[in-house]
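The values are calculated or read from the model by the stated rules, or taken from the named source; none is laboratory data. Please read all numbers here as calculations on a predicted model, not as lab measurements. Backbone-built Cβ (ideal geometry, glycine too); neighbour counts: all protein chains shown.
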């Protein structure tokens, strides 16, 4: 058995990679992905504010505003 040590960023990267990886086509190996998620956990979701929506007046260029 091997023992590995990961810092927080490496572990989060591993979680995201495992979460986004496709399941194996071989039905007998589908449990491997499930076991990996149980070991490393689900990715930690971070909330970030989006960008502020900006409105532009393009009528001088012949483009009508959306309604």
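Among residues that are modelled with pLDDT under 90 and either part of a helix (DSSP H, G or I) or under 21 Å from the mean Cα position of the chain (by Cα) (or both), residue 54 is not included. Remark: pairs (first residue in the range 23-40, in contact (Cβ under 8 Å) with a residue 60 or more places away in the chain; second residue part of a helix (DSSP H, G or I); Cβ separation under 8 Å; 6+ apart in sequence or on different chains) are absent. Residues in the range 1-19 that are in contact with a helix residue (DSSP H, G or I) (Cβ under 9 Å, 6 or more places away or on another chain) and either in a loop (DSSP other than H, G, I, E, B) or free of Cβ contacts under 8 Å to residues at least 12 places away in the same chain (or both): 6 only. When residue 22 is tested against (1) in a loop (DSSP other than H, G, I, E, B); (2) within 16 Å of the chain's Cα centre (by Cα); (3) at pLDDT 90 or above, only condition (3) is not met.
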